[in-house]
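**Student:** For reference, the structure I am asking about is given below.
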Amino acid sequence: MTYLVLRMLLLPFSRVWLFILMKLVAMIQTYHRSGIADVVASLKLPRLWLRLGVRDLVNDHARASLGILWPLIGALAWIVIIYFFIGNSLGEGNPSYLAYLTIGIVVYNFASGVLVNGVNSFMRYRNLILNVPNPLFIYPLRTLTKVTVSTGLQILFVIAALYICKSPPQLSWIWVLLALPLYFLTGTLLALGMGLAGVFFGDLRFMMQPIMRMLMFTTPIFWYSKGEGIRMLATVYNPLSHYIAIVREPLLGNSFPYLSLWVVIGCTIVIGVISLTLFHVARYSMIRHF
Amino acid sequence: MPNLIFDKASVFYPSHAPIAAGEQRGIGARIIKRGHRHSIASLDKINLTLKSGDRVGIIGQNGSGKSTLLRLGSGILRPNEGDVIINGRVATLFTTTIGMNMDASAIKNIRDAADLMSIPRKLINDTLADVIDFSEIGAFANQPMRTYSSGMRARVGFGLATSFDTDILLIDEVFGTGDMQFYKKARKRLEDKIGQASILMLASHSDRIISTFCEKALWLHQGKIRDFGSIDSICKDYRKFMST
């Protein structure tokens, strides 16, 4: 590796540079067929994926009289049960425990929605993909729209919990505006990568539910991470806990966790590179594999 | 000028279960060995150039590669080997239920499908009126589509696919479900559209449909072009081949 870097630096007109230059020219020539071109084309169709994402959510609950209120009811049930049954022991008498718990559950629901639905980002729309020529990246965006609307409604609970805990609006809340785009970015890229992997590995969609259940308990959602031991390890090495922290800490008026922000940015870059590379390389193989 | 070029285009589907290499009698598919794996050679080095004004009917056994050829032509699939160059706006009619939700009405489905087909927003209301008028579903337009017959769904799907101007129109076996009246209407509508659309590719098992809508025939056999040219002679040879 070092040799390659040195060689690239020391021999600017060497074959390595020529090779890179040729690759770049080839990439420009075939840009319209690249994964990035697909991503750009999809982003230019916001009305399509926003409308279809909302439609998916409505259709999923079309036969229920309470319709899309069901995800809200589910989240509320979680919050109420945990708060009243085990909140006393886990909340450690903290007056802002209700807000702490509610924010944790809402972010967890978003992550869970992205992972569980993301695995089916492409499989679910197989018939459509095979029959209508559209950019493929609209399908992860469609999945993300569905999950965002479903979870977004739960923000009402966060507002209510902050009000009950007498946590007044403060300047630190601005950090949330930075966190939300990172959530959407990670969510889309994760839905993309998981969707592709889900086509090739049929077991993946069955793995997601147990993994999310495990994450529910190994992430500081309803318990505090203090001191040392396994809880602390689970907090430090679990990316989800950092994703939660960059929203929860500023909302509760605590100091902003810069370390968590860097972990989140790092995770987003890693997920992005893996997912986009997979997408560029394997998207047509995926269609042949359907 | 719109055109569609298949340059030694080959498509191999992965085999999902162990399968012996060789020709499969009764179906048009061919199993080949690529590296360590067996693959289904759906299309094998297809060379074909279609220019403005070409109306080509594709015939062949089940599994001979008709649908795959159309998917390549639409850009949905890319070939494993070779290349496909598409110049022009493509519309497809591969199914009469383009991502349709059978619990929703035709109106809702037409709006969603119009989005999927990138029909400009300002034209969606016109498209809606046009499709409902063509499909003659009238008062049923507000009913859930699960209550429609397959023929009614075909009318809606066909009306939608042919509701806007396109350069390249690709159709795969959707006439079978319609009645005679629909067939006549579809023919008239397609003839009007062909005046605007430059290239038509239509896959069908029916000689009548091919000869009604197309000027040339392409016979696919085991992923290869067996013949390309006059409809009458190719259909005759194909019938003879099938009877043996």
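Quick note: the coordinates plus some simple rules give every number you see, no bench work behind them. Keep in mind it's a predicted model, so treat the numbers as computed, not measured. For neighbour counting, all protein chains shown are included, and Cβ atoms are generated from backbone atoms with ideal geometry for every residue, glycine included.
**Student:** Between A:Lys44 and A:Trp173, what length comes free when the chain is fully extended (0.36 nm per residue of separation minus the Cα-Cα distance, one decimal in nm)?
**Tutor:** 43.4 nm
**Student:** Please give the length that would be gained between B:Arg37 and B:Arg189 if that part of the chain were fully extended, namely 0.36 nm times their separation in residues minus their C-alpha to C-alpha distance (nm, one decimal).
**Tutor:** Extra length from B:Arg37 to B:Arg189 when fully extended: 50.1 nm.
**Student:** Next question, about the same structure. Got a sec? Charge dipole of the stretch A:34-289, +1 on Cβ for Lys and Arg, -1 for Asp and Glu; which of A:Ala41, A:Ile274, A:Pro95 is way out at the positive end?
**Tutor:** A:Ala41
**Student:** Okay, next question. What aspartates and glutamates sit close enough to B:Lys66 to cross-link, taking a C-alpha to C-alpha distance under 16 Å and skipping anything fewer than 8 places away on the same chain?
**Tutor:** Filter leaves B:Asp44, B:Asp172, B:Glu173, B:Asp207, B:Asp227.
**Student:** Let me ask something additional. Can you give me the Cα centroid spacing of the stretch B:70-84 and the stretch B:92-149 in angstrom?
**Tutor:** So the separation of the two Cα centres works out to 28 Å.
**Student:** Over the stretch A:34-289, what is the relative contact order in percent, taking alpha-carbon pairs closer than 8 angstrom and at least six residues apart?
**Tutor:** 28 percent
**Student:** Leaving out same-chain residues fewer than 8 places away, which lysines sit with a Cα under 19 Å from that of B:Lys193?
**Tutor:** B:Lys51, B:Lys184, B:Lys185, B:Lys216
**Student:** Please compute the modelled spin-label separation between A:His289 and A:Phe217, points set 7 Å along Cα→Cβ, answer in nm with one decimal.
**Tutor:** Taking the two extended label points, one gets 3.2 nm.
**Student:** Suppose R0 equals 45 Å. What FRET efficiency, 1/(1 + (r/R0)^6) with r the Cβ-Cβ distance, do B:Ile85 and A:Ser89 give to the nearest 0.05?
**Tutor:** 0.10
**Student:** Which of the chymotrypsin sites (Phe, Trp or Tyr not before Pro) across the stretch B:82-155 are loop residues per DSSP, with 13 or fewer other Cβ within 10 Å?
**Tutor:** Taking the stretch B:82-155 and a limit of 13 other Cβ atoms within 10 Å, no loop chymotrypsin sites (Phe, Trp or Tyr not before Pro) are found.
**Student:** What's the center-to-center distance, using Cα atoms, between the stretch A:53-96 and the stretch A:235-281 in Å?
**Tutor:** For the stretch A:53-96 versus the stretch A:235-281, the Cα centre distance is 24 Å.
**Student:** For the residue pair B:Leu123 and A:Arg126, what label-to-label distance in nm results when each label sits 7 Å from Cα along the Cα-to-beta-carbon direction?
**Tutor:** The modelled label-to-label distance comes out at 3.2 nm.
**Student:** Which value, in debye to the nearest 20, describes the size of the charge dipole of the stretch A:34-289 about its Cα centre when Lys and Arg Cβ atoms bear +1, Asp and Glu Cβ atoms bear -1, and nothing else is charged?
**Tutor:** 660 debye
**Student:** At most 12 other Cβ atoms within 10 Å and a DSSP loop assignment: could you name the trypsin sites (Lys or Arg not before Pro) in the stretch A:135-185 that fit?
**Tutor:** Answer by residue number: A:Lys166.
**Student:** Sticking with this one: Points 7 angstrom from Cα along the Cβ direction at A:Lys166 and B:Ser15: gap in nanometres?
**Tutor:** So the two model labels end up 7.4 nm from each other.
**Student:** Which chymotrypsin sites (Phe, Trp or Tyr not before Pro) in the stretch A:201-280 pass both tests, a DSSP loop state and at most 15 other beta-carbon atoms within 10 Å?
**Tutor:** Hits after loop and neighbour filter: A:Phe201, A:Tyr224.
**Student:** Could you rank the peptides A:266-276, B:216-226 by their average count of other C-beta atoms within 10 Å per residue, with the highest value first? List each step's numbers first, then the result.
**Tutor:** Values: A:266-276: 16.5, B:216-226: 20.7.
Top to bottom by mean Cβ count within 10 Å: B:216-226, A:266-276.
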